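The values are calculated or read from the model by the stated rules, or taken from the named source; none is laboratory data. What you are looking at is a predicted structure, and each value in this text was computed from that prediction instead of being measured. For neighbour counting, all protein chains shown are included, and Cβ atoms are generated from backbone atoms with ideal geometry for every residue, glycine included. Protein only, heavy atoms only, side chains kept; ligands, DNA and RNA dropped before computing areas. Shrake-Rupley method; radii C 1.70, N 1.55, O 1.52, S 1.80 Å.
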Amino acid sequence: MEIAQIATIASKEFWDRIRNRWVLAVALVFTAFALVIAYFGAAQQGSVGFRSIDITIASLVSLVIYLIPLIALVLGFDAIVGERERGSLDLLLSMPITRLELLLGKYLGLAAALAFSTIAGFGLVAIVLSARLDLNALYHYFGFMLSSVLLGCAFLSLAVMLSVFAADRTRASGLAIATWFFFVLVFDLLLLGALVVTGGQWGGEIFPYLLLANPADVFRILNIFSLDDVRTLYGLTTVFPPALANPWLLGLVMLAWIVVPLGIASWRFRT
Amino acid sequence: MESSLPSLNDAGAPLIVAHGVRKHYGNIHAVDGVDLDIRSGELFGLIGHNGAGKSTLFKMMLGLIPPTAGDIRIGGALVTGRDFRAVRRTVGYLPENVVLYDNLTGLETLWFFARLKGVSPAQAAPTLERVGLAHAAKRRVREYSKGMRQRLGFAQALLGKPRILFLDEPTTGLDPEAIRSFYATLRQLRSEGVTTVITSHILAEIQERVDRLAIMTAGKVQARGTVQDLREQVDLPLWFSVRVAKEDFEAVRSALSHLQVDAIEAHDDHVKVRCRREAKMAVIEALARLDGRVRDLTVREPSLEDVFFGFSD
C-alpha cells in the first residue's frame, strides 16, 4: 500500500469540499444550531440564556444525532458510484493505484472534510462559551465533539459502502436515505416495540448489546451516560448497564462501525 | 521491471502480448479467445463495430478488469500482477469520451494526475503546451469545449513520458485541424519509440496512419496485419478508371478480353474495369500497349472500410 497515492486522492476530495464551500456551509450550520441551542435550549423550561453545559450537550446530541448521519450519508453516497456513472473511474483505476488505495483516499478525504467542519463549527461555539465553562465542562464538550466526529465517520463509512454496492447514483441516494431512516428513526422504535409487545419479557439481557448495533445509539450513550442531570430524560439509554458504558469500549464499538463497512466496501470493490 | 521492457533499440520486439484472452459475463462472451502481439514502437489500430469487444480488450490490457481466461503481459510482466505499478507507470491511457473534473483548471487536472503517476508537477505546463492548451491552463475544465477536454485527456495520457499509449477513440470531438496535429504528435512520439494502440470508428482516418491493425468482431480477432496484408487476405476486387475517348472504348475492351476481368463498364469519358488483385499488373501492361490512347489511369484499392466490411459481413 502506498500512502502517497492515498494522500493524493484524499487531498483532492478534501480541497474539493473546501473550494465549493461545503465545509464552510456545514460548519456554519453547526455553529448556528449550537449557539441557538446553548442560549435557547432551555426555553421549554421557561428561561432563556446559557444555563448548564449538561443541558446544552444533551440538546446538541438530539440535534446532531439527526443531522450528522444525514450530512455524512449525503457527503459519501456517490463517492464511488458517482465516479463510475460520470465515467471517470476507469481513468483513475488506470493510474498506478490499487482499488483499496482509491477507496481509502476517498474515505479519508471526505472524513477530513466532515471532521474539519464539525470541529470548526462546534469549536467556535466552545470558544464563545469558554468564559462560562469550567475544565470539566470543557472536557465533556470536547468529548461531545470527538464523538460527533466518530459518528460522522461511521455514517460516512456506511455511505461509501453503499456507493460501492449501488448500481447507479439514484439507487445510492435512495439507499442512503433508507439507511438514515433505519438507524435514526426506525431502529429504536423497533426495539421499543419489541420490548412493549413482549411486556418486557423479551430480550432484557441482550437489549444493551442491540443498542451497540446502531452507531447513533452508541453516540447517544457515549454522550448522555456521563451526564447525570439528563440521563433519565433519554428513555432507552437508561436500560444500558453502567458496566458497559465505558467510553473506551464504546469508542472501540464506534471504530468497528467505521472499519467494518469500509472493509465490506473494499471486499466488494476489489474487482 | 523498467529494465525488462524492450529498450528503444528493440523496436519490433513483442511488447504487449495477449494470449488466449477471454472475458465472459454470464452467457455474453465480450472477448472470446484473443491472441495478439503488439510490437515495440509500432502504431497499432484496433477496429470493430460497437460491442465487438475492443473496449473490453483495452480495459484488460490496462489491467482494469481481469480476464476470465488467458493472460496479458506488457514487457513480460502480467498487467494485473505484482508489478502492476511499474507497468502502469509506463502506460498512458485516454478513455473513450474522457471525463475529467469540471471544478479543476487544466493545470490542476494535470497536477493531480502527475501526482498519481509519480511524475513531477513541473511536467504539467509543457505537456499542456504540447497539446495546444497553454492558453487555457488556468481556466476551469467546466468552460472547456469537447475538443479541449479531449486534448486535456490526451495531455494526461502523455504525462510521465509513457512508453505505451492506449488511446480509445482519441479524435472524437476534434476538428480536422486538431486531428491533423494530433496525428502529427503521434508520429513524433512514434519516432521517439513510443508504442501506441488506438481504436477509431473513422477508418479512413487511421488507414494511412497505423503500422498494423486488428479487426475485431464478436469478441474475436478476425484478421490482423498491415492494411495491405488485410486487403490481400480479404481478396476484394480493384477498380481501374481508364480515361479514353468514346471511340476507343472497344479497343480497351478487346485489349482486356483475354484477361481475367470481372466487369467492364462504359461511362461518358472513361471505362471502369473491375478485376482481381492478381490480374492487376496484367491489366496495366495491356493498357500500356494501347499506344497513348489511354489519357489517364487511376487504380482504386479497396479502402480499409471495404476491407473491414469484407471481414465483418
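General observations
- Residues being among the hydrophobic types (A, V, I, L, M, F, W, C), without any contact (Cβ under 8 Å) to a residue 60 or more places away in the chain and either in contact with a helix residue (DSSP H, G or I) (Cβ under 6 Å, 6 or more places away or on another chain) or closer than 19 Å to B:Asp248 by Cβ (or both) - total across the range B:258-313: 16
- Residue match in the range B:122-141 (condition: in a helix (DSSP H, G or I) and facing chain A (nearest Cβ under 7 Å)): no
- As a summary of the residue check, A:Ile37 satisfies the conditions (1) in a helix (DSSP H, G or I); (2) touching a residue at least 40 places away in the same chain (Cβ under 8 Å) except for the one numbered (2).
- Those residues of the range B:184-205 which are of a type in the set (Val, Ile, Thr), touching a residue at least 60 places away in the same chain (Cβ under 8 Å) and either over 29 Å from B:Gly70 (Cα atoms) or open to solvent by 20 Å² or more (accessible area, probe 1.4 Å) (or both), in sequence order: none
- Hey, B:Thr217 open to solvent by 30 Å² or more (accessible area, probe 1.4 Å) and hydroxyl-bearing (Ser, Thr, Tyr) or not: no
- B:Leu174 vs. criteria open to solvent by less than 50 Å² (accessible area, probe 1.4 Å), over 26 Å from B:Pro67 (Cβ atoms) and of a type outside the set (D, E, K, R): yes
- Failed condition for B:Ala245, given (1) aliphatic (A, V, I, L, M); (2) at pLDDT 85 or above; (3) within 24 Å of B:Pro302 (Cβ to Cβ): (3)
- Qualifying residue in the range B:157-169 (condition: within 11 Å of chain A (Cβ to nearest Cβ), open to solvent by less than 30 Å² (accessible area, probe 1.4 Å) and on the phi > 0 side of the Ramachandran plot): yes
- Pick from the range A:112-129, criterion within 17 Å of the chain's Cα centre (by Cα) and open to solvent by less than 10 Å² (accessible area, probe 1.4 Å), ranking: farthest from A:Ala25 (Cα to Cα): A:Phe122
- Enumeration of residues in the range A:96-137 that are in a helix (DSSP H, G or I) and either at positive phi or of a type in the set (Ser, Thr, Tyr) (or both): A:Tyr107, A:Ser117, A:Thr118, A:Ser130
- Residue tally, condition open to solvent by 50 Å² or more (accessible area, probe 1.4 Å) and of a type in the set (A, V, I, L, M), over the range A:1-19: 4
- Note on the range B:245-273: residues that are of a type in the set (S, T, N, Q) and in contact with a Lys or Arg (Cβ under 7 Å, 6 or more places away or on another chain) total 1.
- Any strands (runs of 3 or more DSSP E) falling wholly within the range B:3-107 and containing at least 2 residues that are open to solvent by 30 Å² or more (accessible area, probe 1.4 Å) and more than 14 Å from chain A (Cβ to nearest Cβ): B:14-25, B:28-39, B:69-74
- Among the residues of the range A:76-95, none qualifies, meaning not one is hydroxyl-bearing (Ser, Thr, Tyr) and part of a helix (DSSP H, G or I).
- Number of residues in the range B:124-140 that are surrounded by fewer than 20 Cβ atoms within 10 Å (Cβ to Cβ) and not small (Gly, Ala, Ser): the value is 7.
- Subset tally (residues that are at pLDDT below 95 and of a type in the set (S, T, N, Q)) for the range A:6-38: 2
- The lone exception for B:Gln150 - which of (1) within 12 Å of another protein chain (Cβ to nearest Cβ); (2) open to solvent by less than 60 Å² (accessible area, probe 1.4 Å) it fails: (1)
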